[in-house]
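These notes concern the structure reproduced below.
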Amino acid sequence: MTGIAEIVVALLLIVGGAFGVVGSWGLVRLPDPMTRLHAPTKAATLGVGSVLMASMAHSWFLLGRVTWHELLIAIFLFLTAPVTGLFIAKAHMHLSWDKRELPRPHRDDDWATFGDSAAESPMVRAPDPPPRSE
């Protein structure tokens with residue numbers, strides 16, 4: 001049983017390392033920030049998830065106990081990585097693109113980040129600079 005368990009753990013670690021290498025390569029080689037954002041977020045999520053599964057498998061197969069720390073870390077990672085990527089993408093859209101450069105949404109829809117309600121949001125609109133005192 002330990003031979004098969006060691007092979008499973010080793011394969012999960014190799015897969016995690018491969019995703020890490022592909023994500024790093026994509027971060028360096030892709031042309032613009034939006035595509036550069038895609039490679040490491042996907043690769044990090046899958047790579048770290050694979051390493052965490054390897055750690056869980058090691059604890060279960062070789063040590064005979066189930067550890068929940070890795071599962072909680074994986075859940076936290078899977079919940080926070082997409083949200084972080086979304087915020088970085090929205091910041092890039094507001095700093096680098098004009099609304100007219102984006103693809104047209106469906107009929108009566110508008111981009112949520114550039115819509116009418118976004119104009120009132122303090123997250124989208126830069127605060128007014130403080131008045132200068134002479």
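The set of residues in the range 37-69 being surrounded by fewer than 17 Cβ atoms within 10 Å (Cβ to Cβ) and over 21 Å from the mean Cα position of the chain (by Cα) consists of Trp60, Phe61, Leu62, Leu63, Gly64, Arg65, Val66, Thr67, Trp68.
Report whether or not Phe19 is modelled with pLDDT under 90, assigned to a helix (DSSP H, G or I), aromatic (Phe, Trp, Tyr) and out of contact with any Pro (no Cβ under 9 Å at 6 or more places or on another chain). No. Cβ separations smaller than 6 Å between residues 6+ apart or across chains give the following pairs from the range 83-101 residues that are within 14 Å of Arg36 (Cα to Cα) and touching a residue at least 24 places away in the same chain (Cβ under 8 Å) to residues that are hydroxyl-bearing (Ser, Thr, Tyr) and assigned to a helix (DSSP H, G or I): Gly85/Thr41.
Of all residues in the range 23-37, those satisfying the criterion of being assigned to a helix (DSSP H, G or I) and either without any contact (Cβ under 8 Å) to a residue 24 or more places away in the chain or touching a Pro at 6+ places or on another chain (Cβ under 6 Å) (or both) are Gly23, Ser24, Trp25, Gly26, Leu27, Val28, Arg29, Thr35, Arg36.
The values are calculated or read from the model by the stated rules, or taken from the named source; none is laboratory data. Since this is a predicted model, take the numbers as computed values, not measurements. Here the Cβ is made from the backbone with ideal geometry for all residues, glycine too, and neighbour counts use every protein chain on show.
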